[in-house]
Structure formats: C-alpha cells, structure tokens
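Right, one structure below, let's go through it.
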Amino acid sequence: MSSKKEFILYIEDLTVSFDGFKAVDGLNLYVEKDELRVIIGPNGAGKTTVLDLICGKTQPTSGSVLFKDKELIGLSEHEIVREGVGRKFQTPSIYENLTVYENLEVSYPSGRGVLGCLAFKRSPEVVARIREVAKEIYLDHLLDAEGAILSHGQKQWLEIGMLLMQEPQLIMLDEPVAGMSPAEREQTAALLNRISKGRAIIIIEHDMEFVSRIAHRVTVLHLGKILAEGSMEQVQHNPKVIEVYLGH
Ligand code: ADP
Ligand code: MG
C-alpha cells in the first residue's frame, strides 16, 4: 500500500514558527533515491531552515520527516547523522591545521568498529577509503597538505569528502559553489552528479546556470511554501517563479 517506499525522504506538513512567523509553512517534500534535488528561492524563503529541520538543528512546530521510513523529528542531530544524513553548511568547517588525509581520517565513523581508536582508523580498509574519497574530491595529490593552504574551492570539496567518509544516504549542501572559480564549478557539478548515485542529495543554490547542470528536479520556495516544483525547464518558464525570483 505504502507509496513511501519509493522515497528516501518523505516530508509532510512541516511547519516551524519563529515568534509567530512561519519560516516554513506546511511543506510537503518527497525525494527519491539517486535524486539530486535543488531548492531555490529568494532570500528569506526558508531554504536553510528546511535543511535545519531535516538535520535536527531546529525543531519544527509540527510535521513529519520520514527518512528511509524512520521519523527523524525528535531525534538529536547526532542521531540523525547516525541514521545516514550528512549536512554541509555554507562556510567550510574543515580542520585548518590537519592535513587533507587527517581531515578525512577523523571523519571516519568511529562507532563503526569495536575500536573507535586511531589504530582502528589506520586499518587498511580505512586507508583505502580515505584514498578513494580523496580521489573523488580531486585532492588525492594533496593528501599531505594542511587544510589551511587549500583554495576556497578545495576546502569545500574536502568538506564534501568528510561527509562522504560517513557514507550518508542523504547529503544536504547549502550553496556549495559560492566563491568557486568557473573551473571549480565545473568539477563540482561532475562530483555532485557522481555522488548522487545510490543516495539522495539536496542542494540550495542561487547560480541558475549551475542549477541547470545538476538538478534532476527543482523546488522553488517562497515565504516558507512551495511556489513551484518540476524540471528546470518547467520552473524556469513558470510565470510565478519569474515574478518572485528569476525576474530579479
Ligand atoms: P533562506 O535560506 O531561504 O534565505 P532562511 O531559512 O535562512 O531563508 O530564513 C527564513 C526566515 O526565517 C527568515 O526570515 C529568517 O530571518 C527566519 N529565521 C531563520 N532562522 C531563524 C531563527 N532561528 N530564529 C528566528 N528567525 C529565523
Ligand atoms: Mg539560506
């Protein structure tokens, strides 16, 4: 009976009020496995708040967030990470004084083995995983470089890599290409397309050219509600979307 089965993420009637102001208002959002969903909309539309609600940073006033048929509302941020949800914030938060290798190493889930210690982390399995992820994020030639010397774009990639170490099934990114060079944007589009396979990705993005290259489906938020949803083609030609967002 349940149509929930096709969706990895099933959000119903999600609402949060801040002092009577509904930043997210009765949101229904359904994301499939392998899907790369982009959320767009004007400043203050509630985009970041939606991610805050999914990852447990903010508690909703009402509503439900089912992830792989499990209710996330009421769980702590840590528990939600353990359920397989990874979130990257707008500014990179890597360890500047650790190397690329070490940044990835500390991100390996420590609870996964009997020994959550460094000896365990240096196991061949973990080393192989670090190398695999470093290659995925274009940093395999910089494993011994300190975080501090990386370019802004490389720091963003490293943070995506730190998420990948945990093998999340849902990854959420807030404006991942802000401040990146055109070449870095190109590489990021390819990276995101690759890593959406086998999981789901939700991205908040303003750069419409970039959105058109990555989005499987686009959700347009306005005043905490969905204004439009569909392919990039569809939302781009939607008069309401042009009026409140794209026309500016
Ligand atoms: P967007 O990411 O689409 O620009 P946000 O989700 O950051 O929008 O914010 C939506 C609205 O909710 C804004 O008006 C913002 O000021 C408000 N808001 C967000 N978080 C909080 C909070 N913790 N307390 C009060 N108001 C908030
Ligand atoms: Mg925001």
Matching helices (runs of 4 or more DSSP H) fully within segment 23-106 where at least 3 residues are surrounded by 14 or more Cβ atoms within 10 Å (Cβ to Cβ) and not hydrophobic (A, V, I, L, M, F, W, C): 47-54, 100-106
Taking the residues in segment 146-176 that are within 16 Å of ligand 1 (Cβ to nearest atom) and out of contact with any Gly (no Cβ under 8 Å at 6 or more places or on another chain) as candidates, determine which candidate is nearest to Thr48 (Cα to Cα). Asp174
Can you tell me which condition Glu229 does not meet? The list is (1) closer than 19 Å to Ile8 by Cβ; (2) within 18 Å of the chain's Cα centre (by Cα); (3) of a type outside the set (Val, Ile, Thr), and all the others hold. (2)
Flag for Ile201 being part of a strand (DSSP E or B) and in contact with a Ser or Thr (Cβ under 9 Å, 6 or more places away or on another chain): no
Extreme residue, farthest from the chain's Cα centre (by Cα), among residues of segment 176-195 that are assigned to a loop (DSSP other than H, G, I, E, B) and surrounded by fewer than 20 Cβ atoms within 10 Å (Cβ to Cβ): Ser181
Taking segment 18-49 and keeping only residues that are within 11 Å of ligand 2 (Cβ to nearest atom) and not β-branched (Val, Ile, Thr), one is left with Ala23, Gly41, Pro42, Asn43, Gly44, Ala45, Gly46, Lys47
Could you check segment 170-181 and list, in sequence order, the residues that are away from ligand 2 (no atom under 13 Å from the Cβ) and within 16 Å of Gly56 (Cβ to Cβ)? Leu170, Ile171
Those residues of segment 25-41 which are under 20 Å from Ile171 (Cβ atoms) and either more than 12 Å from ligand 1 (Cβ to nearest atom) or β-branched (Val, Ile, Thr) (or both) amount to Leu29, Tyr30, Val31, Glu32, Lys33, Asp34, Glu35, Leu36, Arg37, Val38, Ile39, Ile40
Please work out if Ile8 is of a type in the set (Val, Ile, Thr) and either touching a helix residue (DSSP H, G or I) at 6+ places or on another chain (Cβ under 9 Å) or within 16 Å of ligand 2 (Cβ to nearest atom) (or both). no
Regarding Leu170, is this residue in contact with a Ser or Thr (Cβ under 7 Å, 6 or more places away or on another chain), over 15 Å from Val211 (Cβ atoms) and among the aliphatic types (A, V, I, L, M)? no
Between a residue in segment 83-102 that is in contact (Cβ under 8 Å) with a residue 12 or more places away in the chain and of a type in the set (S, T, N, Q) and any residue that is in a loop (DSSP other than H, G, I, E, B) and away from ligand 2 (no atom under 16 Å from the Cβ), which pairs come within a Cβ distance under 8 Å, given they are 6 or more apart or on different chains? Thr99/Leu143; Thr99/Asp144; Thr99/Ala145
Selection from segment 213-234 of residues closer than 11 Å to Ile40 by Cβ and away from ligand 1 (no atom under 16 Å from the Cβ) yields Ala215, Met232
Would you please name the residue that is farthest from ligand 1 (Cβ to nearest atom), looking only at residues in segment 11-22 that are surrounded by fewer than 21 Cβ atoms within 10 Å (Cβ to Cβ) and not acidic (Asp, Glu)? Thr15
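Where a number appears in this text, it was derived from the coordinates with a stated rule and is not lab data. Everything numeric in this text was worked out from a predicted model, so none of it was measured. Methodologically, a virtual Cβ is constructed for each residue, glycine included, from the backbone with ideal geometry; neighbour enumeration extends over all protein chains shown.
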